[in-house]
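Working notes, structure below.
Since every read-out is calculated from the coordinates, none of them should be taken as a lab result. None of these values were measured; they are calculated from a predicted model. With ideal geometry, Cβ positions are generated from the backbone for all residues, glycine too; neighbour counts draw on all protein chains shown.
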Amino acid sequence: MDSIELSIFSSRISAICAEMGALLQRAAFSPNIKDRLDFSCAVFDAQGDLCAQAAHIPVHLGSMAYATRDIVDQLDWSPGDMLIVNDPFLGGTHLPDVTLIAPVFFEKELLGFVANRAHHADIGANSPGSMPISTSLAEEGHVIPPSLLMRHGQLDQAFMAELLAGVSNPAQAEGDFTAQISANQLAQKRLHDLIEAAGKEDYKHAIKALNEYGQRLARSCLDAIPDGEYHFVDRLDDDGIDTQNILIQVSIKVQGHHIKVDFSGTAAQVSGNINCPLSVAAAAVYYVFRCLMPAQTPACAGSFRSIEIFAPEGCLLNAKRPAAVAAGNVETSTRVVDVVMGALAKAIPEQMAAASHGSMNNVAMGARSEKASWDYYETIGGGMGAHHMADGLDALQTHMTNTLNTPVESLEIHYPLRISRYEIRTDSGGNGQHKGGDGILREFQFLQKTQVTLLTERRTNQPWGLAGGEPGLAGENRFNDQLIAAKTKLEVLPGDRLCIKTPGGGGYGESHSGEE
C-alpha cells in the first residue's frame, strides 16, 4: 500500500467515527449529549485494538483504547449482537459513561468492532445528576457489567426495561440509548461497505499498514525526547470526605523510542470518589503523548505501542473494587495530565505548557418529586496554561474534556434555572512572559427547590506556572456569596444563587513587565 492509498484509507475509516458521532448528536434527547457533545466514537479491529477515532472526548477514547481488548475477549460474538457496559472495573470509566460495542462481520468472519460512549446525566444514583459525594461504587448508580443489549439483531426488551426502571426520566434515557444503538448500526454498515470496497484481505493489510505507520510517526516524536528519567509531583485538593493534598507522583523513563510511565509513590486509594481505574490514567497518558505526535498520526493502537504504563494496584490510579470513582474520570484524569506534562517539561520544556485550570468544574443538579423530576450535569471550562510562544487561551475546556458548554438558552428552556452571570474571570491567569488564560465565572439562579452536587478541583492547589511563570488563581465556589467547599452537596431554594469561579492557567517564563 503506497502513501496515498494509506492516507485515503485512514481518512475513510476516521470518517466512519465522525459520521457515527453526528448521528448520535442529532438523535439524542438529552442536552448533555446533543448540546454539550459529551460522547465519543471509535472503530476497533477484531482483537479489540483501536483503529480509528473521532476528535471527541480524550478521557473516553483513551480509556476505550486501553480496555476494549479485554471486553471483546469475553464473548462469543454473532452478527447483530450489541454489548453494553459502564462498570469502571470491567472496561468503563465511571457509571454515567455508558458504552455500546457492536461487532462487524464480513463473509461470516469477525473483522472489527464499532463503539460509542455517551454520558448519561441520570444513571440511577440517589443524587440528581449521578455525580454524588460517594464512598463506594454502589452509591454512584446502576452498575452494568458487560452484557448483551441486543442478540442476533433483537433488542433485549427486559434488559432495556430494567435500565429504564432506575432513572427519573425514562423517556429521555430511552431516546439516548436508542441514539447510541442507531449510531453503532450506521457505523456497522459503513465499515462493512469499506471492507467490501477494499476487499477482505486488502482491508486487513490496510489495518496492519495503518498501525505500522502510526508506530513510525510516534517513534519519530518519542526519539526527540532526550533519554533519561524525569519526575514530577502534584496534588489533588481533597477527596470530598476526609483526605487532603492527595499525592500523584510520576517517573517517566525514556530509553530510545520506549517510554515507561510509572506512578509508583502515588497515594493509596481514598474514601472519596476521586479514585480511578488504570484505564482512565492510561487515557491521560496517551493524550499527552498524542499531543506531541505529528498532526497526521492516525489514532490507532500502533501509535501507542511504545508507551508502557504502570500504577501499583490499590493506589489512587489503579483502584480496587468497590472504590468510588465518579470524580476520578473527570478530576483525577486531569491531574494526571498535569503531572505527566510537568515531568516532560524537564526534558522538552519548549514543547510543554504550564498547568491549565486543572478541573472539569463539575456541576450536577436536579430534583426528585412528583411535581418535578429532572437531572442536569455540566462541566465548566477555565484558563489554559501559557507556553513559550504565546499566552494561554481564556475560558475554554482543556485536556481531558472536549465538550461544549450548555448554551444558556438550552439550559433555561429545559430546566428551572437561570444563568444570571456568565463571563470571563478577568486576571485569573498567572503572570509571566506569557500570561496564563483566564477562567470563567458562571452563576446559576434557582427557580425551584433543587439538589446540587459540586465536584471541583484547584480550589487550594493552584495551577502551576512554568519556567518562572506564576501560578493561575485557584477557583472559588460561592453559594449566596458564601465560600463553600470544592466538593459538596447542597439543598437550594428558589432565589438561591450558586457562583462558580474557575481557575486560571499558569503563566510561562519570568515576567519582564517592570523592566525598561
The simple spin-label model distance between L164 and L292, using points 7 Å out along Cα→Cβ, in nm, is 4.9
For 445-458, 351-364, 91-104, ranked highest to lowest by mean beta-carbon neighbours within 10 Å, the order is 351-364, 91-104, 445-458
Reduced to Cα centres, the span from segment 13-62 to segment 130-192 in Å works out to 16
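In what sequence, highest mean first, do 386-396, 261-271, 478-488 appear when ranked by Cβ atoms within 10 angstrom?
Ranked by mean Cβ neighbours within 10 Å, highest first: 386-396, 261-271, 478-488.
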Quick note on Y287, Y377, Y508, ordering by fewest other C-beta atoms within 10 Å, gives Y287, Y377, Y508
At the level of C-alpha centres, the distance separating segment 299-325 and segment 415-487, in angstrom, is 29
Note on segment 3-216: contact order normalised by length, alpha-carbon pairs under 8 Å, 6 or more apart, percent, works out to 24
Two pseudo-spin positions, 7 Å from Cα along C-beta at A485 and at K189, lie apart in nanometres by 5.1
Of the DSSP H helices in the chain, the ones reaching 27 Å or more along their long axis in Cα terms and averaging at least 0.0 in Kyte-Doolittle hydropathy are 3-27
What helix-only [θ] at 222 nm does the chain give? Using -39500 (n - 2.57) per DSSP H run of at least 4, over all residues, to the nearest 500, the answer is -9000 deg cm²/dmol
In segment 353-516, lysine pairs 8 or more places apart or on different chains with C-alpha atoms under 27 Å apart total 8
Two pseudo-spin positions, 7 Å from Cα along C-beta at M1 and at E174, lie apart in nanometres by 4.2
Counted neighbours (other Cβ, 10 Å), sorted fewest up, put T406, T178 in the order T178, T406
Between Y422 and I8, the FRET efficiency computed from the C-beta separation at R0 = 41 Å comes out, to the nearest 0.05, as 0.40
FRET efficiency for H231 and H205 from the Cβ-Cβ distance with R0 = 25 Å, rounded to 0.05, comes out at 0.05
Extend 7 Å from the Cα of V408 along its Cα-to-C-beta direction; within segment 438-480, residues with backbone N under 18 Å of that point are 439-447
Partner lysines whose C-alpha sits under 24 Å from that of K204, ignoring same-chain residues fewer than 8 away, are K108, K189
Descending packing, highest mean Cβ count within 10 Å first, for 78-87, 124-133 is 124-133, 78-87
Given a Förster distance of 35 Å, the FRET efficiency implied by the Cβ-Cβ spacing of E212 and D76, rounded to the nearest 0.05, works out to 0.70
